[in-house]
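The values are calculated or read from the model by the stated rules, or taken from the named source; none is laboratory data. Predicted model only: the values in this text are computed from it and were never measured. Please note: Cβ atoms are built from the backbone with ideal geometry, for glycine as well, and neighbour counts cover all protein chains shown.
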Amino acid sequence: MTTPDTHRTSAFRAPAIDFSATKAAAWLALTAFFALLALYFVGFDQGATSVFGNNTVVHEFVHDARHLLGFPCH
């Protein structure tokens, strides 16, 4: 009546997730690399002397994030 049909729902189970140590270490290393790359990109252009020439688009795009992260500018 109100009991679920276990035979029908068992066919739609999600596959098990692989939590091996090497795979977790690889994900951690890759995530840390991209986080440091983003942090470097945000802190690269100081504003007073633009790295990208007269174009300050990159500096203005990440200006508020620079202040939030504690980078000095101007």
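Just give me the residues in the range 22-74 being assigned to a loop (DSSP other than H, G, I, E, B), hydrophobic (A, V, I, L, M, F, W, C) and either exposed (fewer than 11 other Cβ atoms within 10 Å of the Cβ) or modelled with pLDDT of 85 or more (or both), in sequence order.
Ala48
Looking at (1) outside any helix (DSSP H, G or I); (2) modelled with pLDDT under 75, which is the one condition that is false for Thr9?
The one condition Thr9 does not meet is (1).
Only residues that are modelled with pLDDT of 80 or more and among the small types (Gly, Ala, Ser): list them for the range 12-21, please.
Hits for the range 12-21 are Ala14, Ser20, Ala21.
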